[in-house]
Structures are given as C-alpha cells and as structure tokens.
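Colleague: Take this structure first; my questions come after.
The values are calculated or read from the model by the stated rules, or taken from the named source; none is laboratory data. Since we're looking at a predicted model, the values are computed, not measured. Note that we place each Cβ from the backbone using ideal geometry, even for glycine, and neighbour counts take in every protein chain shown. Heads up: the accessible areas ignore ligands, DNA and RNA and are worked out on the full protein's heavy atoms, side chains in. Shrake-Rupley method; radii C 1.70, N 1.55, O 1.52, S 1.80 Å.
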Amino acid sequence: MNPSKFTSVDAIPSLVQSLRDTFDTGVTKDIQFRKQQLEKLIQFMDENMKNIEKAIWDDLRKHKLEANIGEVNPVIMEAQYMIKNLDRLTQPVSTTKRFAMNSLDKTLIRREPKGVVLIIGAWNYPINLALLPLVGAIAAGNCVILKPSEVTGHTAELLANQLPKYLDQRAYNVITGAVAETTALLKERFDHIFYTGNGHVGRIVMQAAAEHLTPVTLELGGKSPAIVAPDADLSVTANRIIWGKFFNTGQTCVAPDYVLVTKDTVEPLMDAFRKSIINFYGDNPQKELSYGRIVNQRHFDRLKGLLDALDKDSIYFGGQTDRDDLYIAPTLVGPLKTMDAEVMKEEIFGPVLPVVVADDVNAMIRMVNARDTPLAMYIFAKDPNTYHKIVDNTRSGGVLVNDTLMHLQEMSLPFGGMGASGMGNYHGDNSFYTFTHERATMIKYPGLEGVLSARYPPYNEDKEKIMYLLVYGFNTPRSMGSTLRAVTGFCSAMWRFLFSKKKKE
Ligand code: NAD
C-alpha cells in the first residue's frame with residue numbers, strides 16, 4: 001500500500017474520540033445493532049469474495065483454497081456463530097451465593113462491552129487476523145479501530161476502502177499505516193488492545209498499554225515443535241506435518257517450526273517427508289499454483305540468510321531460491337544432532353523444516369522445556385501413554401495430537417499463547433469474553449435493616465455472634481464450636497440486641 005494512502009497521524013486522536021463519543025451513546029450495546037453489524041460483515045465477505053481472494057493472491061500468492069479455508073470461511077462462520085449465540089452470551093448470569101446474609105439478594109454477572117478497542121492485525125493471514133477479532137469485538141458491543149498490517153498492502157487497502165461501506169462508521173473505523181500510525185494510535189487510551197504479530201512489537205504494545213492501564217491480548221508466535229514418537233505412522237505423520245508446515249509457505253504462526261525424532265526413525269521419516277513434498281507440490285514447486293511466495297524481500301532475505309548459514313550437506317531436500325520471484329522451495333534440513341544451528345534460534349516463519357534427532361521421548365520433553373513456551377505443540381504417537389506423557393510434562397499455548405493446524409480451525413477451542421507466545425485467547429465464546437467486562441452486580445433487598453444493623457459500629461460481643469451466623473449461616477467455623485452452640489448463641493445475642501435497641505428507641 002502506498003504510504004500516501006495511510007491515515008493521517010494528526011487525524012488519529014479525533015478519530016478515537018469520535019468512537020468514544022459513539023460508545024457513550026450506547027448504540028453498540030444494543031443486541032439487534034450488533035447482530036445487524038455482523039450480518040453486514042458477512043455481506044461484505046460475500047460481495048467481495050473475488051476481490052478478497054485477489055488481494056490475498058497479490059499479497060502472498062496464496063491459493064484460493066488456502067485463502068478460503070484459512071481466512072474467509074473462519075470469519076463468516078464466526079460471524080454466523082455470534083449472531084446465533086449472542087442472546088445466550090449476553091444474558092446476565094446469576095451466581096450461587098456464598099454469603100448467608102445475602103441470601104435474599106440478587107447477584108448477577110453482567111457481560112458488558114469494554115468500550116473502544118484497538119485491533120492490530122498481522123500480514124500472514126491478513127483477512128483472518130483482522131476480521132476474526134473484529135467479529136468478537138462487535139459481538140461484545142464495542143466500538144473498534146482496526147489497523148490491518150501494512151505489509152500486505154492490497155488487503156489493507158481493500159479493507160480500508162470497502163469495509164466502511166458495510167459497517168456503521170460511527171462505531172467502526174479502519175486505520176491504515178505502519179510504525180508511525182500505530183505508534184500514534186498506541187498513545188491514545190483504549191479499553192482493550194488486541195495485537196497479533198511478533199514478540200518484539202508485542203512488548204512495545206504492552207508498554208504503551210501500561211501507560212493507560214489498558215488490558216491487552218497478545219497473539220504472538222515462537223518455535224512450535226512437532227514431536228514424532230517411535231511408534232507413529234510415518235507416512236500419515238509426514239503428510240500432516242508437510243501440509244501444516246508448507247501451508248501459506250510456512251508463514252503460519254502455528255506452523256510446525258521443527259521436528260524432533262529418534263535416531264531409528266529419522267531416515268524413514270525424512271524420506272517420507274520428501275515423498276509428501278513431491279506428491280503435494282510436484283518436482284518444481286515454483287510452477288505449482290498450490291505453493292505460495294514469501295511476503296516481501298525483507299523476509300526473503302532473512303530466510304535466505306538462515307539457509308546460507310547452514311552447512312551445504314545439511315540441506316536434505318529443496319533449498320532452491322529465486323529472489324525476484326520471492327520463491328523459496330519447500331526445504332528439509334537435517335538430520336541435525338543438536339539444537340545449536342542458526343535455524344534453531346528464532347521462529348523460522350517460512351518454508352524451511354529442520355529435523356533434529358533426540359535419544360528418546362524423555363529427551364524430546366527436556367529439549368522442548370529448555371525453550372520458550374511455544375504457541376503450538378504437535379505430537380505424533382499411537383500409544384496414548386506416550387502422548388499423554390508428553391502433554392502432561394510440557395507447556396504450550398495449544399497442543400494437537402496426530403495432526404497439525406487443525407486445533408486452530410476448531411473454534412470451539414480457545415486460541416492463544418503462553419509466556420513468549422502470547423497472553424489471552426480468542427475464537428468462539430472466548431472472543432466474546434476477551435472483549436467483554438464481567439460486571440459484578442448485586443441488588444440488595446431493602447428490608448431487614450433491624451437485623452443487618454448488627455454490622456454497624458460500635459461493635460460488641462452480641463453483634464459479633466449475630467454477624468458470624470449472618471456471614472457463615474450454619475457452616476460455622478470451628479472456632480465457634482458446634483452448630484448448636486452457634487445457633488443458641490445467635491438466638492440469645494439477637495434477642496438482647498433487638499431488645500436493647502427497642503429500649504433505646
Ligand atoms: P507485521 O509486520 O504485520 O506486524 C504486526 C503489526 O504490528 C502490524 O500491524 C504493524 O503495523 C505493527 N507494527 C510493526 N512494527 C511496529 C512498531 N514498531 N510499533 C507499533 N506497531 C508496529 O507482522 P509480524 O510481526 O511480522 O508477524 C509475524 C509474527 O506474528 C510471527 O512471530 C508470527 O508467529 C506471529 N503471529 C501470531 C499469530 C497468532 O495468532 N498468535 C498469528 C499470526 C502471526
């Protein structure tokens with residue numbers, strides 16, 4: 001996207017203020033309004049389907065099947081889900097009271113919108129990562145500023161030009177721009193910031209949010225391992241890892257970043273990987289429409305640097321590159337004996353798959369635990385004892401046994417990281433809750449002032465006995481002795497308390 005089309009930095013404070021004014025009118029809290037806006041979002045997707053596919057193709061040369069299953073369909077399905085479930089999700093929920101003296105009162109959790117929220121998208125799924133959180137924010141009743149990634153300029157331009165034609169512009173705004181515009185946005189006060197991208201910028205976002213004590217969701221990345229146990233079915237495992245790795249040319253936050261496998265299995269597994277790559281992308285993936293491109297020259301150079309840093313004989317398969325075409329072939333690296341290679345330091349985020357040899361499953365667990373908590377973990381094993389052992393002894397944002405990526409598509413599951421891979425989560429009901437404030441609400445019974453006045457000073461022993469029973473009910477703490485003693489103590493104390501009150505009056 002041409003920077004001349006970016007939103008003016010000077011206009012940002014007043015744009016945010018205008019959304020705050022809209023939020024204060026209460027219009028976005030109306031459930032029908034929310035549903036209408038979600039319908040409009042679906043209409044935007046339907047009517048612009050071809051343009052969306054084209055923009056994603058122009059940005060990433062992503063096949064339309066990948067664009068549809070990875071970007072368009074999840075957004076439409078999520079909007080439909082929210083429309084269907086909004087009445088349930090917005091219903092106040094009453095709680096089971098634990099304080100005896102509140103037994104006549106009403107206690108509710110009201111699910112209220114947080115206010116004006118900022119969503120900052122990333123480039124690798126430019127529609128999905130912008131619009132999926134937007135669905136949750138609209139459903140929860142917020143006003144939203146959406147800042148798509150400037151790296152995928154065609155998609156950002158499409159969103160900026162078309163989306164406002166569908167959504168109520170008083171409540172939802174698309175701001176385009178790069179670092180300067182995002183920095184200006186982050187100076188403003190928001191009621192929630194939802195950021196997707198790398199951990200370096202994640203820290204910048206969190207620092208800016210701290211200035212206003214704004215809560216954040218950080219959807220970050222990291223090195224997600226694929227652990228292959230010795231009993232795994234190697235040809236199925238190979239298909240599923242290769243599919244998940246090279247989907248979107250390896251530019252997926254939950255792509256398997258590297259593979260851990262034992263010495264006995266490594267050769268047959270690498271051979272199975274090679275066969276899967278040829279089956280999926282042919283002898284020349286550069287000519288295959290199912291295989292995409294690296295998003296830009298900066299990321300191409302970064303990935304080429306990783307390949308150049310390897311010993312030539314550690315490239316097992318692939319390794320061809322073409323800078324003018326932003327092409328890097330599906331590449332297998334290994335078998336590596338240690339985790340020290342350059343390619344094992346940072347998240348790869350491209351079509352390079354290192355395979356590392358480990359002694360056994362216990363060693364694999366130790367190797368994973370020695371690193372930052374990954375966003376995803378994939379385990380391939382037939383024996384439930386094996387995969388349960390790995391799940392029980394490791395940590396990750398999400399875990400998927402015997403496949404890759406699919407846990408992300410299953411939106412009944414929360415999606416988010418832990419530690420360096422992020423904080424908070426979304427998808428389905430969790431998206432709604434992310435953008436919702438749970439407001440504790442209590443409606444007190446106005447009567448019984450006579451009894452309840454035992455809580456007012458000046459305190460004395462009778463008031464203390466009454467308060468114990470009003471607080472704990474018949475679940476008296478041990479210090480009060482038996483229930484019977486507590487009840488008789490309460491009755492006599494109450495008698496004296498009410499009688500002495502009457503006398504004073
Ligand atoms: P990116 O370059 O698109 O940056 C993300 C956003 O941050 C953009 O909107 C950009 O304008 C903004 N930004 C960049 N620099 C900034 C700065 N200095 N100050 C303020 N804002 C700034 O995307 P990226 O960071 O290259 O994304 C790739 C990373 O994101 C990978 O680590 C990947 O794993 C992770 N990711 C995570 C998820 C997830 O859902 N957890 C999804 C996709 C990508």
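Colleague: Which pairs turn up if I take residues in the stretch 173-186 that are open to solvent by 20 Å² or more (accessible area, probe 1.4 Å) and modelled with pLDDT under 95 and look for partners that are within 10 Å of the ligand (Cβ to nearest atom) and in a helix (DSSP H, G or I) with beta carbon separation below 8 Å, at least 6 apart in sequence or on another chain?
Modeller: Here the result reads none, with nothing in the stretch 173-186 linked to a residue that is within 10 Å of the ligand (Cβ to nearest atom) and in a helix (DSSP H, G or I).
Colleague: State all residues of the stretch 154-191 that are within 16 Å of the ligand (Cβ to nearest atom), within 21 Å of the chain's Cα centre (by Cα) and not in a helix (DSSP H, G or I); if no residue qualifies, say none.
Modeller: Across the stretch 154-191, the qualifying residues are VAL174, PHE190.
Colleague: Looking at ARG98, ARG110, which is the one that is modelled with pLDDT under 95, open to solvent by 80 Å² or more (accessible area, probe 1.4 Å) and closer than 19 Å to GLU438 by Cα?
Modeller: Going through ARG98, ARG110 in turn, just one is modelled with pLDDT under 95, open to solvent by 80 Å² or more (accessible area, probe 1.4 Å) and closer than 19 Å to GLU438 by Cα: ARG98.
Colleague: Need a quick list: helices (runs of 4 or more DSSP H) entirely within the stretch 223-327 having at least 2 residues that are surrounded by fewer than 19 Cβ atoms within 10 Å (Cβ to Cβ) and of a type in the set (D, E, K, R). Please lay out each step first, then the result.
Modeller: Details: elements: 234-246, 263-281, 297-308.
Hits in the stretch 223-327: 263-281, 297-308.
Colleague: Could you check the stretch 125-148 and list, in sequence order, the residues that are assigned to a loop (DSSP other than H, G, I, E, B) and open to solvent by less than 10 Å² (accessible area, probe 1.4 Å)?
Modeller: PRO126, ILE127, ALA140, GLY141, ASN142, PRO148
Colleague: Cβ-Cβ distance below 9 Å, separation of 6 or more or different chains: which pairs start in the stretch 311-337 with a residue that is on the phi > 0 side of the Ramachandran plot and assigned by TED's automatic domain parsing to the domain that holds PHE349 and end on one that is open to solvent by 20 Å² or more (accessible area, probe 1.4 Å) and of a type in the set (Ser, Thr, Tyr)?
Modeller: GLY334/TYR316
Colleague: Going residue by residue through the stretch 252-269, is there one that turns out to be within 28 Å of TRP57 (Cβ to Cβ), out of contact with any Gly (no Cβ under 9 Å at 6 or more places or on another chain), within 14 Å of the ligand (Cβ to nearest atom) and in the same structural domain as ASN385 (by TED's automatic domain parsing)?
Modeller: Checking the stretch 252-269: not a single residue is within 28 Å of TRP57 (Cβ to Cβ), out of contact with any Gly (no Cβ under 9 Å at 6 or more places or on another chain), within 14 Å of the ligand (Cβ to nearest atom) and in the same structural domain as ASN385 (by TED's automatic domain parsing).
Colleague: Going through the stretch 213-225 one residue at a time, which ones are more than 10 Å from the ligand (Cβ to nearest atom) and more than 16 Å from ILE119 (Cα to Cα)?
Modeller: Scanning the stretch 213-225 gives LEU213, PRO225.
Colleague: Here are some conditions: (1) in contact (Cβ under 8 Å) with a residue 12 or more places away in the chain; (2) more than 15 Å from the chain's Cα centre (by Cα). PRO446 meets all but one. Which one does it not meet?
Modeller: Against the list (1) in contact (Cβ under 8 Å) with a residue 12 or more places away in the chain; (2) more than 15 Å from the chain's Cα centre (by Cα), PRO446 comes up short only on (1).
Colleague: Something else: Taking the options ASP87, ASP168, name whichever one is surrounded by 15 or more Cβ atoms within 10 Å (Cβ to Cβ), of a type in the set (Asp, Glu) and at pLDDT 95 or above.
Modeller: Exactly one residue qualifies, and that residue is ASP168.
Colleague: If you don't mind, there's one more thing I want to ask. Select from the stretch 198-212 the residues that are within 8 Å of the ligand (Cβ to nearest atom) and either over 25 Å from ALA171 (Cα atoms) or open to solvent by 60 Å² or more (accessible area, probe 1.4 Å) (or both) and list them in ascending order.
Modeller: ASN198, GLY199, HIS200, VAL201, ILE204
Colleague: Yes or no: the stretch 42-51 includes at least one residue that is under 20 Å from VAL151 (Cβ atoms), among the aliphatic types (A, V, I, L, M) and surrounded by 15 or more Cβ atoms within 10 Å (Cβ to Cβ).
Modeller: For the stretch 42-51, residues under 20 Å from VAL151 (Cβ atoms), among the aliphatic types (A, V, I, L, M) and surrounded by 15 or more Cβ atoms within 10 Å (Cβ to Cβ): absent.
Colleague: Quick one: how many residues across the stretch 98-151 are within 15 Å of the ligand (Cβ to nearest atom) and among the acidic types (Asp, Glu)?
Modeller: So the count comes out to 1.
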